[in-house]
Amino acid sequence: MKFEIESRINIKNFLSYCIERNSSVFIGCGTPTEAGLPLWDELFSNLSRECEIDLKSYNYNTFKIAQFITNKLGRERVLEEIRFKVRATKPLSPTLQLLIEMNFNDFWTTNFDRTIELNLEHRNKVYEVFTNSLSLKKSIRNDISYIYKINGSLGESDNALVTQDDLEKSEINNQLYYSFLKRELLTKTFLFVGYSFRDEVVLKCLADLKKVFHNDLRDHYSIFKKPTNNEELFYYQDLEQRYKIHPIYVDNHSEIPVLLGKINENLIKRQIFISGSLTDKGIADEVAQNFVDKLVKALINNNNRIISGHGYKIGYYVSGTVTQLARDKSNLKTEKFLEMLPFSPNFTANDCTNHREYLISKSRCCLFIYGRNDEDGIGMREEFEIAQKLKKVIIPIPSTGGNALRFYKELENQRDNFPYLLKYYEELGKEDALDDKIIKIIIEIINETEDNALNLLGL
């Protein structure tokens, strides 16, 4: 029970960093095993037997083991063995797919293989790979993913860190690269997945930071299998006390995708999709703008994040308020509060449907405001139907008129299917309800349904 309570607390703390969009993930060799790849210990099992080297006697230090094998058999033989063993048999990894879905942009890894690249490609994600100090001169963008391979890549075998000699040279030749990692560890919260810390690359960086910042280090989190003896427990406690690497425990490594799925569901719980457009000339722009401004501020103050497809005028009002808030809060990035994903004018009808499903799938609650007063509001109608199909929390604001009013009446006619609205129908249905009270009701519904969802997830 102690481990469960500790893990639950650490998960909730980690979630707060994810919501701030200021976190990175560090992938160890345990993750690619889902794709049929070996653990570090298994990379040299055949060659170590051939050279009569006992892996345990060197505490499975792969750099030293690879060095001794290289001394006997040559570097090329070692590289051939690694190339043979890191050919992915099942390139898709459930863990990596979930991490990508959680919108991590930075993937750090000690692995040589292309498992991360293949999983990003499966999601049609654009990425750049950094393998050494020279590669850092590439420009950084916010709209693509970055893979940082600490030990290099087998595609650049001359620069791949395989042996103890490679590691020692890298500490001199790649000082800028390690300095960049230190900066990231100082300014971002990392989630370590499938990483044992045995190679001490990360711990050396944290130790150097500690010399300067003492105990004022960034919080990090790592998923570990529950300790089975005091030696493991003391090791995890040491990582937490000295380096602020907080443990999140699972019974078995096979549970990691389940855990990440719960964390991802929790992230989605904080995200609110706003569907709406303002095409009715009978509604004053300043009235709608004032309502949207209050609504957006209330959502952000409630620690929600907004998803929008940039509906006509409404999207402009939403993004304008978020921009102002971000600037008022010391120039924070708008991405912390808003993900705006407009429809392309080149989208086909099928593209539009797929885009709407994507937007709504990223959210838990869907707010419907305004919309056309006739039956031609096809886009909002489709979003309303998708939200029902995906069993999202649907909150139409009838006092804004248009499609929102039409959707409200439809839900009112099937009250039993939307129990979270039962005690609010009367107040929501007031024609002139665009005041602070209606905003308060929206926030209440969001929070009540979120609490229920968290209980179901066990977080």
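Quick notes on this structure:
- In region 335-368, the qualifying residues are those that are β-branched (Val, Ile, Thr) and over 26 Å from residue 288 (Cβ atoms), and the one that is most open to solvent (accessible area, probe 1.4 Å) is 348.
- Residue within region 199-218 that is farther than 25 Å from residue 20 by Cβ, touching a residue at least 40 places away in the same chain (Cβ under 8 Å) and either touching a His at 6+ places or on another chain (Cβ under 6 Å) or in a loop (DSSP other than H, G, I, E, B) (or both) present: yes
- Condition met for residue 114 (open to solvent by 70 Å² or more (accessible area, probe 1.4 Å), closer than 26 Å to residue 166 by Cβ, at pLDDT below 90 and out of contact with any His (no Cβ under 8 Å at 6 or more places or on another chain)): yes
- Check on residue 189, farther than 30 Å from residue 81 by Cβ, in contact (Cβ under 8 Å) with a residue 60 or more places away in the chain and open to solvent by less than 10 Å² (accessible area, probe 1.4 Å): yes
- Selection from region 192-213 of residues that are farther than 21 Å from residue 256 by Cβ and modelled with pLDDT of 90 or more: 203, 204, 205, 206, 207, 208, 209, 210, 211, 212, 213
- Residue 169 vs. criteria in a helix (DSSP H, G or I), charged (D, E, K, R) and under 20 Å from residue 238 (Cβ atoms): no
- All positions within region 154-186 that are open to solvent by less than 10 Å² (accessible area, probe 1.4 Å) and without any contact (Cβ under 8 Å) to a residue 60 or more places away in the chain: 170, 177, 185
- The residue that is farthest from the chain's Cα centre (by Cα), among those in region 202-238 that are hydrophobic (A, V, I, L, M, F, W, C), crowded, with 20+ Cβ neighbours inside 10 Å and under 19 Å from residue 11 (Cα atoms), is 224.
- Residue among 397, 443 that alone is modelled with pLDDT of 85 or more, crowded, with 18+ Cβ neighbours inside 10 Å and among the aliphatic types (A, V, I, L, M): 397
- Filtered residues of region 40-57 (kept if within 39 Å of the chain's Cα centre (by Cα), modelled with pLDDT of 75 or more and among the basic types (Lys, Arg)): none
- Residue in region 262-271 that is open to solvent by less than 20 Å² (accessible area, probe 1.4 Å) and either free of Cβ contacts under 8 Å to residues at least 24 places away in the same chain or small (Gly, Ala, Ser) (or both) present: no
- Residue 369, sole failed condition from (1) farther than 30 Å from residue 262 by Cβ; (2) of a type outside the set (Ser, Thr, Tyr); (3) free of Cβ contacts under 8 Å to residues at least 24 places away in the same chain: (3)
- Test: residue in region 275-290 that is among the charged types (D, E, K, R), open to solvent by 20 Å² or more (accessible area, probe 1.4 Å) and within 30 Å of residue 219 (Cα to Cα): no
- Test: residue in region 138-152 that is of a type outside the set (A, V, I, L, M), on the phi < 0 side of the Ramachandran plot and assigned to a helix (DSSP H, G or I): no
The values are calculated or read from the model by the stated rules, or taken from the named source; none is laboratory data. Note that this is a predicted model, so its numbers are computed, not measured. No Cβ is skipped: glycine too gets one built from the backbone with ideal geometry, and neighbour counts run over all protein chains shown. We work out accessible area using only protein heavy atoms, side chains counted, and drop any ligands, DNA or RNA first. Shrake-Rupley method; radii C 1.70, N 1.55, O 1.52, S 1.80 Å.
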